[in-house]
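Structure record follows, encoded as structure tokens.
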Amino acid sequence: MGIKWRHWVWPAAPLALAMLAATGCDSTPDTRPEPAAEPPTSVNRSVARVCAKPAAGPAKAPAGAVTVDPAVVGDLAAKTKSSPPKTTFWLRPGRHRLDPDRYAQIIPKRGNRYLGAPGAVFDGRKTNRYAFGGAADDVTIRHLTVQGFVAPPDEGVVNHDSADGWVIEHAKIQKNSGAGLMAGARQKVRANCLRANGQYGMNAYKGDGRISGLVVEGNEIVGNNTGDWERRRKGCGCTGGIKFWAVNGADVRGNWVHDNRGTGLWADTNNNDFRIEGNVLEANDGAALIYETSYNAVIRKNLIRRNNWVEGRKYADRDDNFPLATVYLSESGGEPRVRARTDKIEVYRNVLENNWNGITLWENADRFCNSPANTSSGDCTLLVKKTGSCKRPAITTAPLYGDCRWKTQRVDIHDNRFVLDKSVLKCSVKCDRMAVLANYGTYPDWSPYKGERVAEAITRKQRNRWHGNVYVGPWKFVAHDPSRVLDSGQWQGPPYEQDKGSTFGPQAGG
């Protein structure tokens with residue numbers, strides 16, 4: 001899956017800006033500087049500095065809890081197996097280990113609770129693949145450091161099997177291969193440090209269905225993708241601080257997402273009904289946020305700064321004129337027929353400061369259900385049940401002509417502040433753009449979307465609009481296709497008529 005357009009592929013990120021030594025399956029030393037110890041004083045103070053100041057677990061075993069001894073190898077697994085459901089386990093201070101079998105893991109029973117004392121570490125020793133797995137619902141993990149596990153790519157260490165109703169709070173999940181954790185329905189991920197994992201901090205993916213009711217709140221998500229998987233699998237779209245797949249209903253709020261190699265937050269393929277609010281997204285090598293082939297979201301009150309410097313500069317250096325964005329809405333839009341808390345994508349009251357480019361609305365004319373150019377292989381929109389129905393002659397007329405496409409439509413961008421100082425970015429070109437565009441449709445030969453049809457639709461017919469924003473700095477605008485670069489007057493004038501009621505301030509930094 002992931003992002004592809006025409007001949008472009010979302011680039012692999014070189015080393016820059018992350019913070020921790022490579023771990024797990026990454027053998028390349030990470031030479032990137034340490035990030036700032038805390039967010040700037042101007043940001044929302046509700047964003048937790050979890051990795052530096054974790055909340056301490058209980059110093060004594062709670063009443064009725066089973067005590068787990070770190071001196072006994074496999075003690076946690078054995079006591080989990082011999083205890084009934086809904087048992088509480090208290091892990092003493094020290095390094096807890098599994099048997100050396102790579103498939104040894106904890107298989108919780110329904111309603112089990114795992115509480116770490118101060119200094120309790122569950123260590124896979126780069127031997128065990130998984131920490132907690134199985135299908136049991138409503139498991140709780142709190143105040144525990146989980147590290148050194150070596151899950152394969154696209155798999156995860158905590159909640160490996162994406163069971164439902166798990167609660168993971170005040171944990172450090174760090175220095176693992178694969179994803180630090182997976183997600184199931186009704187999962188609550190709160191106040192955790194998801195740090196320096198080989199592929200993702202979290203991979204919200206459930207192989208046998210969609211995830212609903214996901215809450216990701218108050219976490220620090222930092223330095224992930226130490227394995228640099230976009231370089232290993234070019235164009236895989238398989239990395240990020242968090243990757244969301246087919247999640248129906250998510251609240252992502254109050255997180256500090258920073259210094260990840262690649263994208264900070266990435267929702268890819270048939271996600272719906274997201275609220276992304278009150279986060280600080282900063283210093284990620286790639287985009288702060290990608291919302292791709294998905295539906296209906298509110299993106300508000302986020303501080304988004306210093307993102308996309310590494311990947312944006314790489315594009316500029318090779319003279320690629322695609323407006324590689326910090327907030328990238330790709331084949332995603334509002335759809336009233338898909339039930340959600342909103343029927344559009346609304347982006348408002350955010351501050352975007354000194355990122356490489358701003359917001360890009362994109363639609364690939366060649367990407368639709370049943371097209372070989374669809375990188376979400378085998379998937380179709382939420383409006384079409386059978387991918388194979390998107391073919392001639394049916395696809396040439398309504399309803400399939402519209403419903404076989406993921407459309408960037410009904411996007412409302414308003415009351416944001418966009419600040420750009422090129423002297424801070426140390427750039428002269430290709431870092432200063434907002435955009436709404438598509439490519440010229442060419443493929444496959446039976447496509448009904450050839451030519452400029454999609455470019456015309458996304459630019460002028462699909463109710464995408466900017467208004468009431470504040471711009472500071474030398475912003476440019478791209479409409480229809482990458483060759484049409486506009487100044488603010490052209491952007492506000494016919495035929496585009498964007499940013500009504502917006503203001504354009506001094507040229508900060510030149």
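Which of the residues belonging to the range 118-133 are within 20 Å of Ala59 (Cα to Cα) and open to solvent by less than 10 Å² (accessible area, probe 1.4 Å)?
Ala120, Phe122
What's the total number of residues in the range 486-507 that are surrounded by fewer than 16 Cβ atoms within 10 Å (Cβ to Cβ) and touching a Gly at 6+ places or on another chain (Cβ under 7 Å)?
Of the residues in the range 486-507, 2 are surrounded by fewer than 16 Cβ atoms within 10 Å (Cβ to Cβ) and touching a Gly at 6+ places or on another chain (Cβ under 7 Å).
From the list Pro84, Pro93, Pro62, which residue is within 35 Å of the chain's Cα centre (by Cα) and not charged (D, E, K, R)?
Every option except Pro93 fails the conditions.
Cβ-Cβ distance below 8 Å, separation of 6 or more or different chains: which pairs start in the range 211-234 with a residue that is in contact (Cβ under 8 Å) with a residue 24 or more places away in the chain and end on one that is basic (Lys, Arg) and open to solvent by less than 10 Å² (accessible area, probe 1.4 Å)?
Filtered contacts from the range 211-234: Gly223/Arg261; Asn224/Arg261; Asn225/Arg261; Thr226/Arg261; Asp228/Arg261.
Select, from Gly180, Gly207, Gly165, the only residue that is touching a residue at least 24 places away in the same chain (Cβ under 8 Å), under 19 Å from Asp268 (Cβ atoms) and surrounded by fewer than 24 Cβ atoms within 10 Å (Cβ to Cβ).
So the residue among Gly180, Gly207, Gly165 that is touching a residue at least 24 places away in the same chain (Cβ under 8 Å), under 19 Å from Asp268 (Cβ atoms) and surrounded by fewer than 24 Cβ atoms within 10 Å (Cβ to Cβ) is Gly207.
So, in the range 102-117, how many residues would count as being in a loop (DSSP other than H, G, I, E, B), closer than 27 Å to Ala56 by Cβ and out of contact with any Lys or Arg (no Cβ under 8 Å at 6 or more places or on another chain)?
Number satisfying all stated conditions: 1.
Which residues, taken from the range 204-223, are outside any strand (DSSP E or B) and more than 13 Å from the chain's Cα centre (by Cα)?
Answer for the range 204-223, where residues must be outside any strand (DSSP E or B) and more than 13 Å from the chain's Cα centre (by Cα): Lys206, Gly207, Asp208, Gly209, Arg210, Gly218, Asn219, Gly223.
Please give the strands (runs of 3 or more DSSP E) falling wholly within the range 288-386 in which 3 or more residues are touching a strand residue (DSSP E or B) at 6+ places or on another chain (Cβ under 6 Å), buried (at least 23 other Cβ atoms within 10 Å of the Cβ) and touching a residue at least 60 places away in the same chain (Cβ under 8 Å).
Correct list: 327-330, 359-363.
Does Asp137 fit the bill of being part of a loop (DSSP other than H, G, I, E, B) and open to solvent by 60 Å² or more (accessible area, probe 1.4 Å)?
No, not satisfied.
State whether the residues of the range 222-234 include one that is open to solvent by less than 10 Å² (accessible area, probe 1.4 Å) and under 30 Å from Arg341 (Cα atoms).
So far as the range 222-234 goes, yes, one or more of its residues are open to solvent by less than 10 Å² (accessible area, probe 1.4 Å) and under 30 Å from Arg341 (Cα atoms).
Only one of these is of a type outside the set (A, V, I, L, M), on the phi > 0 side of the Ramachandran plot and open to solvent by 70 Å² or more (accessible area, probe 1.4 Å): Lys86, Lys53, Lys60. Name it.
Sole residue among the options that is of a type outside the set (A, V, I, L, M), on the phi > 0 side of the Ramachandran plot and open to solvent by 70 Å² or more (accessible area, probe 1.4 Å): Lys86.
Just to be sure, is Ala196 free of Cβ contacts under 8 Å to residues at least 60 places away in the same chain and either open to solvent by 10 Å² or more (accessible area, probe 1.4 Å) or not polar (S, T, N, Q) (or both)?
Spelling it out, it is not the case that Ala196 is free of Cβ contacts under 8 Å to residues at least 60 places away in the same chain and either open to solvent by 10 Å² or more (accessible area, probe 1.4 Å) or not polar (S, T, N, Q) (or both).
Consider Ser483 carefully, then state whether it is of a type in the set (S, T, N, Q) and open to solvent by 20 Å² or more (accessible area, probe 1.4 Å).
Considered against the rule, which asks whether it is of a type in the set (S, T, N, Q) and open to solvent by 20 Å² or more (accessible area, probe 1.4 Å), Ser483 comes out as yes.
Can you give me the number of residues within the range 69-79 that are open to solvent by less than 60 Å² (accessible area, probe 1.4 Å), farther than 23 Å from Arg190 by Cβ and in contact (Cβ under 8 Å) with a residue 12 or more places away in the chain?
Residues meeting the conditions: 6.
Restricting to the range 413-440, name every residue that is hydrophobic (A, V, I, L, M, F, W, C) and open to solvent by 10 Å² or more (accessible area, probe 1.4 Å).
Scanning the range 413-440 gives Val419, Val424, Cys427, Val429.
If the requirement is being free of Cβ contacts under 8 Å to residues at least 60 places away in the same chain, basic (Lys, Arg) and surrounded by fewer than 21 Cβ atoms within 10 Å (Cβ to Cβ), which of these qualifies: Lys450, Lys461?
Lys461
The values are calculated or read from the model by the stated rules, or taken from the named source; none is laboratory data. Predicted model only: the values in this text are computed from it and were never measured. Because the Cβ atoms are built from the backbone with ideal geometry, glycine has one as well, and the counts that use them run over all protein chains shown. Remember, those area values only see protein heavy atoms, side chains included, never the ligands or the DNA or RNA. Shrake-Rupley method; radii C 1.70, N 1.55, O 1.52, S 1.80 Å.
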